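Here is the structure we will look at, set down as structure tokens.
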Amino acid sequence: MATEYSGTGDPTGSMTLLWGLQDKPRRGPKPRLSVAQITAAAIGLADTEGLEAVSMRRIAERLGGVTAMSLYTYVPGKGELLDLMLDAVYAETLGPIPEGSWRERLETVARHNHALYLRHPWLIQIAITRPVLGPNLLAKYELELSTVEGLGLTDLDMDLLLSMIGDYVHGAARAAIHAAQAEKHTGMTDYQWWEAHAPLLEQVWDPAKYPVASRVGNTAGQEYGAGDPERSFEFGLHRLLDGVEALITLRAAGR
């Protein structure tokens, strides 16, 4: 899967489209399409066929009755389209501030973001090193910051904490998506794949040479099979929140 980058189009153009600042025609026929319709069609393509399938030609086919060239009068290029797609799906994470303790609120944030990746697997292909600040991205940032407001953390702590959780969720989602893609490609789950190759591994694996790996690998395999992205996500999320709790305690102690 090729990596795409946000912000590779004209940032001013993307911001204009994201915030609806483009000039509206005062005369003439009403535009047949809207930027939102084009964005939704692109997201639908990416969801069903992957990010590689997204092109103006394919979007035009999906919309019907329009040409690829006509779409450029709404969205100037692929870079701007990616920015629109990202901001559109971020809306799915918005809502009221989660209820409960700070830990429950942060857990909700992490789960919502994890679920977003699983609904839109193409998101893991987009490197968001230079995010274009659209309305939904800013609303998402405000919402997530609000879950840790008033805990005695510094503003920098709050920003870094959300980045840490975002990075963790991205990695965990990537593992889950890759596992699903491998199962689709091979027709076997991870457990079935390892089970099929177990006879060969038994011939080359020397427990005396790898005693710790043999013991731990055996236990893990018997417990949940050779690979369980969901279990790994749950374990890592709770350990991450344990670390956040330790940070809150340190800040309360003035450290």
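The values are calculated or read from the model by the stated rules, or taken from the named source; none is laboratory data. Predicted model only: the values in this text are computed from it and were never measured. Don't worry about glycine lacking a Cβ; one is built from the backbone with ideal geometry, like all the others, and counts go over all protein chains shown.
What the table shows:
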quantity	calculated
Test result for E230, under 30 Å from L51 (Cα atoms) and in contact (Cβ under 8 Å) with a residue 24 or more places away in the chain	yes
Hits in the stretch 136-183 - residues which are closer than 17 Å to Y90 by Cβ and hydrophobic (A, V, I, L, M, F, W, C)	L137, L138, A139, L143, L145, L162, I165, V169, A173
From the options T189, T154, residue that is among the polar types (S, T, N, Q) and either touching a Leu at 6+ places or on another chain (Cβ under 8 Å) or at pLDDT 95 or above (or both)	T154
Single condition P98 does not satisfy, out of (1) over 25 Å from A41 (Cα atoms); (2) touching a residue at least 24 places away in the same chain (Cβ under 8 Å); (3) not in a loop (DSSP other than H, G, I, E, B)	(3)
Unique residue being touching a His at 6+ places or on another chain (Cβ under 9 Å) and closer than 27 Å to T129 by Cα when the list is I97, I38, I43, I59	I43
Residue that is surrounded by the fewest Cβ atoms within 10 Å (Cβ to Cβ) [pool: residues in the stretch 78-101 that are over 22 Å from the mean Cα position of the chain (by Cα) and modelled with pLDDT of 95 or more]	S101
Pairs with Cβ under 6 Å, 6+ apart, first in the stretch 165-180 and under 16 Å from L241 (Cα atoms) and in contact (Cβ under 8 Å) with a residue 12 or more places away in the chain, second among the aromatic types (F, W, Y) and part of a helix (DSSP H, G or I)	A172/F233
Boolean, T39 is at pLDDT below 95 and not assigned by TED's automatic domain parsing to the domain that holds R174	no
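This table checks each residue for (1) under 21 Å from E230 (Cα atoms); (2) modelled with pLDDT under 95; (3) aromatic (F, W, Y).
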| site | (1), (2), (3) |
| --- | --- |
| E104 | yes, no, no |
| H112 | yes, no, no |
| T129 | no, yes, no |
| L133 | no, yes, no |
| L143 | no, no, no |
| W194 | yes, yes, yes |
